[in-house]
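S.K.: Just passing along the structure, written as structure tokens.
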Amino acid sequence: MVELVERRDEIGIADTASLLIQKQILELIASGQPLRRCLEALTDAVSRLHPAARICVVTANADRTALADSFSSHFPASFAKDIAGVPINDMHFESTDVASYVAQGLSSIETAVSDRWSDEWRNFCLAYNIQAVYAMPVPGPGGKTVGSFFFCLNEARCMDSWEQGIAEFGVHAASITIERDRVYNELQQTRMRLEADLSDAKLLQKISTELIHQEDIEALYDKFLDAAVGIMHSQYASMQALHLEDGGVNKLRLLAFRGFNPKAATFWEWVTPASRSTCGAALSLSKRIVVNDVNESELVTGTEDHEMYLQTGIRAVQTTPLFSRDGPILGMISTHWSEPHIPSDRDFRLLDILARQAADLIERNQTISQQRSLMYDLEKRVQERTSELQRSNEDLQQFAHVASHDLKEPVRKIKTFVNRLEEVISKDDSAQVYVGKIMSSANRMSDMIDGVLAYSSLNASEQNVEEVDLNDILRDIQNDLEVLIQEKGASIECETLPRIDGIRVLLYQLLYNLIKNALKFSKQDQRPLITVSSTTVRLAGTDYARIVVGDNGIGFSPDYAKQIFKAFVRLNPKHVYEGTGLGLALCKKIVERHAGTIEATGEDGSGACFTIMLPLKRKYGVRTIADRR
């Protein structure tokens, strides 16, 4: 009875100590201490609860084919060294578990004859004075065994219930610890991956920003290669652009590189689709080419490219095409490794983002080499055209000088001989009238020649603007066309016209051409009637003279209302109506020079009507005679 009471008291004390020790172990595990410290503390705690037992936790490798490591506070370091790497099947454990066998009830390890014990395992246990061992599987997620809890005794006997309870706690605590460490490692790896992804994303974002603002294209090429080396963990990199040469042959030109020696850079400066490199194959097939080991690749082995790879120190290479947003290939980006290498899917995902940006850079650069080329061509053409215009203006000015001097000479002769004729026939009144008309016309011709000469010699900003009485202009025109008017039997009905700011010689030419056209294109069976009327209108705060010149001539089709103002356009046969086709084009130029407009309306056989809008006052930027004084 006393022994039972003492045993009950011992168990009570042991249970209390066990709970305290279990609590300490669980707190240690929860504190996040390293795996080894937690498992060694666990084996020490179990041994403190049962001093006769030696505890060891053994873990398996990733594919659970061999023992990986052991954790124990009691066994020497040689125990862990000897057990590491031992194939699980050598211990005749179940292939589905790291350790599912429990050796119990044996009189001695030496006399164990079970088929499930191998000689190697038996000798291993005896070497460390293990007479009985209880190997209990440590479960992981989903019941998958991740290790074994060894409860070792130095005597051959079965476990009692107290020992089984201690062992079960050890298995549970070991399971929690190993799982916690696995989750922690996965979280660490995930964090590292996220940090790497974030770093790469920041790098790609930085390149995107620089792609928008950076003008130094060569510097951007270097940044792309640095990014490619970082993303792909490579030692070499290169970037190429596609060039279409004469004959339709596509070639890749090396833009920038990392790690190439001068010989390699020269060798791969130009690459064709026939090249036995990854670049040539990618160009030929329009897809990414990956060679994990150049010595094992049918594509490159035995070629000049293979020899150059080896001389450069390259053992693995990948080439990714750079496609434009419209689809065609623009170039290539390649990375190279000094050892055989298999890039991950993640690496390629990031590289594809970089490749998209690199393609945009090449496309933008090509668009800039085209814009610049077009601008150069345009500037060249403008310069050539400007030179031609300058020569033309010089020729016109020279012609105007020559013509004016040549024309003035006969005019001077006319005036001289008219004066002499006037002296001879001074008593003949009718002769005096004719002489007066001749002299008046000669004077007007002289003034017009001077005006043309002055006009051709001045820039637009220097041309003289003065107040011009259009009534005077019209009277001069009628005097100059007097003979033609009489021959045609024409009548000119004119209202009072306004005074406007303008260039006299041009306004004369404007009305002269319109009235002469009306006389020229008159009907043969009807006397010409020409009307000139004027009203004042206000448009957008500016007063305009609205001048209408109409006739009863042959007219024109409304379809040609705009074409008749184009140079050299003729609506009638030249052998019937003489002229150069420049008269109305000149009228349009003169009106536009005065900031006005001109329109034509007409019907076949029913005459024509020209409506002119001219501002009454000068426009700014045109100098008047008063301004020049």
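The values are calculated or read from the model by the stated rules, or taken from the named source; none is laboratory data. Keep in mind that this is a model prediction, so the values were computed, not measured. Note that we place each Cβ from the backbone using ideal geometry, even for glycine, and neighbour counts take in every protein chain shown. Only protein heavy atoms, including side chains, enter the accessible area calculation; ligands, DNA and RNA are left aside. Shrake-Rupley method; radii C 1.70, N 1.55, O 1.52, S 1.80 Å.
S.K.: Determine, for each peptide in 146-158, 252-264, the mean count of other beta carbons within 10 angstrom over its residues, then list the peptides with the highest first.
M.R.: The most tightly packed comes first, giving 146-158, 252-264.
S.K.: In what sequence, largest accessible area first, do Tyr512, Tyr221 appear using a 1.4 Å probe?
M.R.: Largest to smallest exposure gives the sequence Tyr512, Tyr221.
S.K.: If you rank Leu310, Leu506 by how much accessible surface each has, with a 1.4 Å probe, what is the order from largest down?
M.R.: Leu310, Leu506
S.K.: From the cross-link list Lys380/Lys562; Lys520/Lys566; Lys415/Lys523; Lys562/Lys589, which pairs have alpha carbons spaced over 25 Å apart?
M.R.: From Lys380/Lys562; Lys520/Lys566; Lys415/Lys523; Lys562/Lys589, over 25 Å: Lys380/Lys562; Lys415/Lys523.
S.K.: Using a 1.4 angstrom probe with every protein chain in place, what is the largest-first accessible-area order of Glu304, Glu495?
M.R.: Result, largest first: Glu304, Glu495.
S.K.: Now for a separate question. Quick one: which of 281-294, 336-349 comes out on top by average Cβ neighbours within 10 Å, and what's the full order, highest first?
M.R.: Descending mean neighbour count gives 281-294, 336-349.
S.K.: Quick one: which of 521-530, 537-546 comes out on top by average Cβ neighbours within 10 Å, and what's the full order, highest first?
M.R.: 521-530, 537-546
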